[in-house]
Structures are given as structure tokens and as C-alpha cells.
Amino acid sequence: MINLYTLYSGSSGNSALVTTDNTNILIDAGVSCTKIITALNEVGVSPKEIDAILITHEHSDHISGLDVFCKKFNIPIYANKETLSILEGSIHCVYPDRFREIKPYESFTLRDARIFPFDISHDAIHPMGYSIISDEQKVSFVTDMGKINDTILKIICKSEAVLIESNYDEGMLMSGFYPWNLKKRILGDKGHLSNDKAAWVAAQLANWGTRHIALGHLSENNNTPQLAYDTVLSVLKKNGLDEDVVLSVAPRSSVHKVL
């Protein structure tokens, strides 16, 4: 049995948890150590039971709690070479022997879980998403990306559950107070996915059998949970897929079980 939880999800901090029968994997640590521990305890997992931390990229809302967390718990950290080079310079408590270099499109195994990392498009040094497979079930984690391509869709399709980014409503973003340079960055291919783009992705996934879709990494200023949910649901309904999918929005600061 595989489970996917979001612990925190949003522009202010991100962390997720994947559990299998024998493995507990943390994805990102973008909130304080105290908050991560509290969320893990709520799920019923001790921090000492975490087998690995997968890092998607080096932005602060994904690694800000990693330093203190690693002072308390000796947990291997998995990321690609470029991301690890930044972590080594910024997280002083992490010694190189805790680092595990991984490469996109090369799977690796942790106990009863097989992890498949893949490239995504974002303005970080080398951002990645992850699919995790156990007992013939797959869950996928894809946030912080400005566009999605056929390669990513083929990787994450047929996942039982997917956390997909639904960062902003384009109307709210364009009429909001952000300076144009920031708006341009968010709208770009290395920025974030809008509600409309997330809706398109959700429909493709549903067509391929995904039954649990959570919308994550919502902007605090350019989106609302209800707006993201309604936008995606309307596209699923239009395609006759709404009854096939359990659609949810990952809360900004509380635990949510996707699967």
C-alpha cells in the first residue's frame, strides 16, 4: 500500500510525505523543522522513521527547514548533482556522506519503493519531479514548473495519485499588484502552472486512469482554493471525467491525505 500526503503546500513552504509498507520518504523540507515534526506526528510517522529526503530544487520554500531538520536526524538527502552543489554550500550541518546523487530518468530503490526522478521546467538550477512506485501502485509529485510536456505526461500517467501545481489564476495575476517582471517570470515556461493549465493536465491524467488529483502550490496572492478547484472541476466535467476523479486542493498549512 502506498500513501501520499501533503504536509504543507504553497508559496510560503512545501513538504510532502510518501509512505509504503516499509518506507517513509519526505519530499522537500520548505518549512521549519518544528512544523515538519508536528505534521509527521499527525500522520503517525516519527521523524526517525524517515528513510530519505528527496529535494525537487533549491528554492527556499522547498529547503528552508532542511538545515535544522538535518541537525536533529541523520537522514540521507537525494538530489541531482547541481542541486547538491548548492545545498553543500548553504546547509552547513549536512556532511557530504549524507548526500546521495541521483540522475533524472534513472530509477533507484529504497526498500520497497522505486523512485523515478525526471526533469521539469522551472527557474532553478536543475529542478525535478518524482514518481514513486510500490506494490504496483504509483504516485507522482510535480510542482514548480512553467510548462508540461509529453515526456512528463508519459511518466506520470497511470499514477494512482498525483500532486500537480495549480499556482495562479491568470486574471488575478494580471490585475494584481506584482511588478511586471515578476508576472512575466510566473507566466513563463520556467515559472508556474496556472489553474487552466493544471485543468488540462488533470483531464489528461484522468483519461489515463488517475483517480486522485490534488492541486498544490497555490499562490497566496493570485489564487484561491475554491477558484483552483472550480476551474479544474469544470474541465473534468466538460470531458465527462468528474465522477472518475477525487479532486482536492492541498492546504497551505495543514496535513492532507491525497491517497
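Does segment 74-152 come out rounded, prolate or oblate, given a ≥ b ≥ c as the square roots of the eigenvalues of its C-alpha gyration tensor, rounded meaning a/c under 1.5 and, failing that, prolate meaning a/b above b/c? Intermediate results must be reported in sequence, preceding the final value.
Numbers: a/c = 2.50, a/b = 1.20, b/c = 2.08.
Oblate shape, in that a/c is at least 1.5 and b/c is the bigger or equal ratio.
For the listed peptides 142-152, 244-254, a ranking on the average number of other beta carbons within 10 Å per residue, highest first, reads 142-152, 244-254.
According to the square roots a ≥ b ≥ c of the eigenvalues of the Cα gyration tensor, what is the shape class of segment 100-254, taking rounded for a/c under 1.5, prolate for a/b larger than b/c otherwise, and oblate for the remainder? Don't jump to the answer; show the numbers that get you there.
Details: a/c = 2.05, a/b = 1.26, b/c = 1.62.
Judged from the Cα gyration tensor, segment 100-254 comes out oblate (a/c at least 1.5, b/c at or above a/b).
Its Cα gyration tensor gives segment 117-172 an equivalent ellipsoid. The semi-axes, each the square root of 5 times an eigenvalue, are 22, 14, 9 Å from largest down.
Dipole size of segment 17-102 about its Cα centre, with +1 on Lys/Arg Cβ and -1 on Asp/Glu Cβ: approximately 240 debye, rounded to the nearest 20.
Which percent, to the nearest 5, of DSSP beta bridges fully inside segment 20-146 are antiparallel? Please list the in-between numbers first.
Values: 14 of 22 bridges.
Expressed as a percentage, antiparallel bridges in segment 20-146 total about 65.
The angle between the Cα long axis of helix 225-238 and the main principal axis of the chain comes to about 60°, on a 0 to 90 degree scale.
Taking the 1.4 Å solvent-accessible surface of segment 131-216 as the whole, the part contributed by carbon and sulfur is 50%. Rg over Rh for segment 184-259 works out to 0.97, both radii taken from alpha-carbon positions and Rh defined as the Kirkwood radius.
Derived scalar couplings between HN and Hα for segment 113-123 equal 10, 10, 10, 10, x, 8, 6, 10, 9, 7, 8 Hz in order, rounded to whole Hz, by the Karplus curve 6.51 cos²θ - 1.76 cosθ + 1.60 (θ = phi - 60°), x for Gly and Pro. Entry note: the chain has Rg to Rh equal to 0.94, where both radii use alpha-carbon atoms and Rh is the Kirkwood radius. Considering the options 146, 180, 126, tell which one lies farthest towards the positive end of the dipole of the chain, charges being +1 on Lys and Arg and -1 on Asp and Glu at the Cβ, about the Cα centre. Looking along the dipole axis, the top candidate is 180. Tell me, how many Å apart are the Cα centres for segment 14-55 and for segment 145-174? Centre-to-centre (Cα) distance: 23 Å.
Order the peptides 51-60, 11-20 from the highest to the lowest mean number of other Cβ atoms within 10 Å of their residues.
Values: 51-60: 21.3, 11-20: 23.0.
Ranked from most to least packed, the peptides come out as 11-20, 51-60.
Each of 224, 239, 255 was scored by the projection of its Cα onto the charge dipole of segment 134-259, and the greatest displacement toward the positive side belongs to 224; charges sit on the C-beta of Lys, Arg, Asp and Glu.
Coupling constants for segment 63-72 follow from the phi torsions by the Karplus curve (6.51 cos²θ - 1.76 cosθ + 1.60, θ = phi - 60°), and in residue order they are 9, 4, x, 5, 4, 5, 4, 7, 6, 8 Hz; glycine and proline get x.
If you wrap the tightest convex hull around every Cα atom of segment 10-95 and split its volume per residue, you get 88 Å³.
Taking a ≥ b ≥ c as the square roots of the Cα gyration tensor eigenvalues, with a/c under 1.5 meaning rounded and otherwise prolate when a/b beats b/c, else oblate, which class fits segment 19-163? Please list the in-between numbers first.
Numbers: a/c = 1.62, a/b = 1.18, b/c = 1.37.
Cα axes put segment 19-163 in the oblate bin.
Might you tell me the accessible area per residue for the chain, computed with a 1.4 Å probe and given in Å²?
Working: 11050 Å² over 259 residues.
On a per-residue basis, the chain sits at 43 Å².
Taken one residue at a time, the phi angles of segment 171-179 give Karplus couplings (6.51, -1.76, 1.60, θ = phi - 60°) of x, 5, 4, 5, 8, x, 8, 5, x Hz. Gly and Pro are set to x.
Within the listed set 182, 215, 84, the residue fluctuating most in the Gaussian network model of the chain (springs between alpha-carbon atoms under 10 angstrom) is 182. Summarising the strand pairing of segment 113-259, around 45 percent of its internal DSSP beta bridges are antiparallel. Taken about its Cα centre, segment 82-225 carries a charge dipole of about 140 debye when Lys and Arg each add +1 at the Cβ and Asp and Glu each add -1 at the Cβ. Summing charges over all other residues whose Cβ lies under 10 Å from the Cβ of residue 29, with Lys and Arg as +1 and Asp and Glu as -1, gives -1.
Just order 67-78, 23-34 by mean Cβ neighbour count inside 10 Å, highest at the front, would you? The partial results should precede the final answer.
Working: 67-78: 17.9, 23-34: 22.7.
The packing order, highest mean first, is 23-34, 67-78.
The values are calculated or read from the model by the stated rules, or taken from the named source; none is laboratory data. Remember, predicted model here, so these are calculated numbers, not experimental data. Because the Cβ atoms are built from the backbone with ideal geometry, glycine has one as well, and the counts that use them run over all protein chains shown. Note: accessible area is taken over every heavy atom of the protein model, side chains too, but ligands, DNA and RNA are not part of it. Shrake-Rupley method; radii C 1.70, N 1.55, O 1.52, S 1.80 Å.
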